[in-house]
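Engineer: Below is a structure I'd like to ask you about.
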Amino acid sequence: MRKTVTKQFTKHMVRITYLALSWLLLSALLTIMVTIPTSEANSGNVPAVIVFGDSTVDSGNNNMIATVLKSNFRPYGRDFEGGQPTGRFSNGRVPPDFLAEALGVKSSVPAYLDPAYNIEDFATGVCFASAGTGYDNATSHVLNVIPLWKELEFYKEYQVKLREHLGVEKANHIIREALYLMSLGTNDFLENYYIFPTRRAQFTVTQYQDFLLGIAENFIRELYALGARKLSITGLVPMGCLPLERATNIFGDHACNEKYNNVALGFNAKLENLISKLNRELPQLKAISANAYDIVDDIIKRPSTYGYEEVEKACCSTGTFEMSYLCSDQNPLTCTDASKYVFWDAFHPTEKTNHIVSDYLLPKILANFI
């Protein structure tokens with residue numbers, strides 16, 4: 001009797017052990033099936049993220065040039081990894097960082113002029129953007145920053161270094177398969193057209209939109225000729241709702257400047273048409289409009305839905321006009337929790353807003369490039 005019980009018990013334990021091992025093996029196989037193809041797909045389809053534009057995407061190039069428009073000091077970067085200011089105009093990361101991470105490329109995209117990085121780092125992602133720049137060369141002259149044509153020259157230099165580092169075949173693969181991000185245009189209007197009389201004397205606002213889009217078209221065609229094939233272009237956000245514009249809208253009771261917002265909408269519509277045209281005319285080009293207007297507009301109109309407490313003023317200092325050197329770490333008015341604010345300084349979003357916008361744009365990017 002005891003032997004029979006022992007025998008049955010042994011069989012039962014063997015069965016349990018077998019089932020447990022089978023389950024562990026199945027779990028391991030499922031893990032491999034889920035993780036490996038995703039990793040391979042990411043590295044195969046988007047091996048690098050390459051960035052052009054202004055302060056919305058600059059990760060520190062302005063640190064290395066003679067301009068007053070810098071952010072390589074606290075409180076900028078206080079929520080970045082290690083609490084270090086990098087030259088990003090935010091308390092933390094900017095959209096290309098989040099998008100590169102979501103694509104499995106890297107957690108942050110380094111600035112091309114940052115001496116802490118080299119071509120090995122840049123092979124998987126690099127940023128040529130410069131805060132304060134625009135499509136119009138005259139815009140970059142306002143604060144002596146890198147014009148868009150110079151960003152393209154840096155990119156050509158990068159291609160030479162990449163081919164020397166990886167060899168022609170591997171480098172050309174990265175150039176062809178990389179995701180190119182473009183984000184600029186706001187400075188052309190708010191830092192140039194509506195501030196100085198020169199362009200207003202030459203162009204109506206509609207004509208100036210067309211002038212900028214002509215520059216954009218030429219830039220994209222040059223980028224295409226250099227091998228770029230995957231391009232995401234961000235237009236304008238509701239620029240009339242930036243804290244600086246609210247603060248100066250005295251006669252409008254500090255509400256959003258709707259004239260500026262309508263200009264942004266008109267520009268975005270024309271940009272969409274340009275993208276469609278280029279997709280038709282340039283073989284193998286896949287360009288998309290990464291239009292962030294609607295998501296930023298929704299955040300501004302329904303801030304509490306996203307967990308914000310303040311939308312009209314920025315976190316830094318009084319939150320009305322301060323940015324760059326006017327954004328002081330010592331100012332007692334600077335907020336302690338930036339996640340409650342839509343804007344970090346009077347012109348730029350908080351890291352939280354950048355993350356929300358990136359998450360909004362990501363599905364369209366994945367659908368088109370992965």
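The values are calculated or read from the model by the stated rules, or taken from the named source; none is laboratory data. As the structure is a prediction and not an experimental result, all values here were calculated from the model. Counting neighbours? That spans all protein chains shown, and the Cβs are built from the backbone with ideal geometry, glycine included. Ligands, DNA and RNA are excluded from the accessible area calculation, which covers all protein heavy atoms including side chains. Shrake-Rupley method; radii C 1.70, N 1.55, O 1.52, S 1.80 Å.
Engineer: Based on Cα coordinates alone, diagonalise the gyration tensor for the stretch 156-293, multiply each eigenvalue by 5, take square roots, and list the semi-axes in whole Å, largest first.
Structural biologist: Value: 35, 15, 14 Å, ordered largest first.
Engineer: Please identify the cysteines of the chain that lack any partner cysteine with a Cβ under 4.7 Å from their own Cβ.
Structural biologist: So far as the 4.7 Å Cβ criterion goes, CYS127 stand without a partner in the chain.
Engineer: Residues of the stretch 272-370: accessible area per residue at 1.4 Å, in Å²?
Structural biologist: On a per-residue basis, 49 Å².
Engineer: Read phi for every residue in the stretch 318-335 and hand back ³J(HN,Hα) as whole Hz from Karplus 6.51 cos²θ - 1.76 cosθ + 1.60, θ = phi - 60°, with x for Gly and Pro.
Structural biologist: Taking θ as phi minus 60°, the curve returns 6, x, 10, 9, 7, 7, 6, 5, 6, 8, 9, 5, 8, 5, x, 7, 4, 5 Hz for the stretch 318-335.
Engineer: Another question about this same structure. Is it possible to state the helix-based mean residue ellipticity at 222 nm for the chain, with each DSSP H run of 4+ residues giving -39500 (n - 2.57), the sum divided by total residues, to the nearest 500 deg cm²/dmol? What is it?
Structural biologist: Result for the chain: -15500 deg cm²/dmol, rounded to the nearest 500.
Engineer: Ordering LEU226, LEU326, LEU265 by how much accessible area each has at a 1.4 Å probe, largest first, what is the list?
Structural biologist: LEU326, LEU265, LEU226
Engineer: Another question, then. Rolling a 1.4 angstrom probe over the protein heavy atoms, how many square angstrom per residue are accessible across the stretch 134-251?
Structural biologist: Normalised by residue count, the accessible surface of the stretch 134-251 is 41 Å².
Engineer: Further question: Out of all DSSP beta bridges in the chain, what portion is antiparallel? Express it as a percent rounded to 5.
Structural biologist: Taking every DSSP beta bridge within the chain, about 5 percent pair in antiparallel fashion.
Engineer: Excluding ligands, DNA and RNA, what is the solvent-accessible area per residue of the stretch 43-119 at a probe of 1.4 Å, expressed in Å²?
Structural biologist: 32 Å²
Engineer: Quick one: with all protein chains in place, what share of the accessible area of the stretch 137-186 is carbon or sulfur, to the nearest percent (1.4 Å probe)?
Structural biologist: 53 percent
Engineer: Please report the equivalent ellipsoid semi-axes of the chain, computed as sqrt(5 x eigenvalue) of the Cα gyration tensor, largest first, in whole Å.
Structural biologist: 43, 27, 20
Engineer: Round to a whole number: what % of the accessible area of the stretch 258-319 belongs to carbon and sulfur, probe 1.4 Å?
Structural biologist: 46 percent
Engineer: I'd like the carbon and sulfur percentage of the solvent accessible area for the stretch 52-106, probe radius 1.4 Å, heavy atoms only, ligands and nucleic acids excluded.
Structural biologist: Of all accessible area on the stretch 52-106, carbon and sulfur atoms account for 52 percent.
Engineer: Express in Å², to the nearest 10, the accessible area of LYS150 obtained by rolling a 1.4 Å probe over the protein heavy atoms while all chains stay in place.
Structural biologist: 70 Å²
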